[in-house]
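This report concerns only the one structure given below.
Throughout, read-outs are computed from the coordinates displayed, never taken from laboratory work. Keep in mind it's a predicted model, so treat the numbers as computed, not measured. Virtual Cβ from ideal backbone geometry, glycine too; neighbours counted across all protein chains shown.
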Amino acid sequence: MTALSRRHLLLGSGSLALLAGCGTSASSTTSSGRSGAPLTVSAIPDQKPEKLNRLHPALASRLAAVTGLEVSYKPLTDYAAVVRAFEVGDIGLSWMGGLTGVQARSRVPGARAIAQRNIDADFHTLFIANTAAKLSPFTDLTGLRSLAGHSLTFGSQTSTSGRLMPEYFMKQGGLQLSSLKGKPGYSGSHDATIEAVSSGSFEIGAVNEQVFTTTQKAGKVDLSRVVVLFRTPGYSDYHWLVRPDLDAVHGAGATQKITDALLGLKSGVPADATILDLFGTTSFIPTTNANYDKLEAVAKDLGLLA
């Protein structure tokens, strides 16, 4: 099968339109080899747009200042759109969740995970519940069986901490999705999951621990009716992913410049501290594709990776 045929199978008609319309597709940029072309950065929309629109443009500006490259942020509407844009070359660098990173690498051979936050090597999901559900916290995976008969919402359908790993741990603990009250919901983001549980729209939610902690500290959501039931075992999650043709498109050494700039962000530097705080971390650390092998296996087992 040719590369183009594979792309047709993967993308479908809607994504082919995206391929035709984007100005920095994989084929055009690789063949032209335009050194110094603008670098477009994106990120999965895992939180509210207003926060993401403060965070990522600020990071793009900082990367541009440090590397000398022209860098811009491209907001995208959902997780799948980020994976597609990375696949066709519309973006060269992206902030991915564990699952979306695995999906993108499966479609772009040679793509590399280069950095993660210092909290991402041992990340956790929280199962939270509305107090009206009258569920008690537990410390063992088998406690997840107590969620049977209750309504539950995940985050995005391709969220690592909001769907992939919680579903995996539910399966490990002996709780089948069919045992829930109705079909699971998909809120679309971690913020929305917290709000859905707080309001009582769903009795239970699976949410990114870092987002929940940040929300709790900010006092922006009424959590008086929310109880944390369970903190999952740890796993690798978010990371920065670069395309293999980054140097060919943006100039020799571009990948290393970007990597060094991300790893070089310091909490003691005011401009860096603001960015790191919005990311919910104090630094970025190196990572590799191998750190996400377990997620890849889980994704295949749950049918989320071809």
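Observations
- Per-residue 3J(HN,Hα) values for the range 99-108, derived from phi via the Karplus relation 6.51 cos²θ - 1.76 cosθ + 1.60 with θ = phi - 60°, read 5, 5, x, 4, 4, 5, 5, 5, 9, 10 Hz in sequence order (x marks Gly and Pro).
- Other residues within the sphere of radius under 14 Å centred on the Cβ of Ser178, judged by their own Cβ, net out at +3 (K and R +1, D and E -1).
- Directionally averaged projected area (the range 124-231, Cα convex hull): 5.6 nm².
- Considering helices alone, the calculated mean residue ellipticity of the chain at 222 nm is -12500 deg cm²/dmol, with DSSP H runs of length four and up weighted by -39500 (n - 2.57) and normalised per residue.
- Under a 5 Å amide H cut-off, with hydrogens placed 1.01 Å from N, Phe284 pairs with Leu265 among residues at least 5 apart or on other chains.
- Our summary of shape: the Cα atoms of the chain have principal axis extents of 61, 51, 30 Å, ordered from largest down, in whole angstrom.
- Sequence-distant residues sharing a close amide H with His150 (under 5 Å, placed H): Lys181
- Nonlocal amide H pairs with Leu39, under 5 Å, H built at 1.01 Å: Glu70, Val71, Ser72
- Two-decimal log10 I(q)/I(0) for the range 116-173, as the Debye equation yields it once each C-alpha is a single scatterer, q = 0.25 Å⁻¹: -1.19
- Packing rank of 112-118, 95-101, where each peptide gets the mean count of other beta carbons within 10 Å, highest leading: 95-101, 112-118
- The order of the peptides 187-199, 227-239 by mean Cβ neighbours within 10 Å, most packed first, is 187-199, 227-239.
- Note on the range 117-270: lysine pairs with Cα distance below 26 Å, sequence gap of 8 or more or different chains, count 9.
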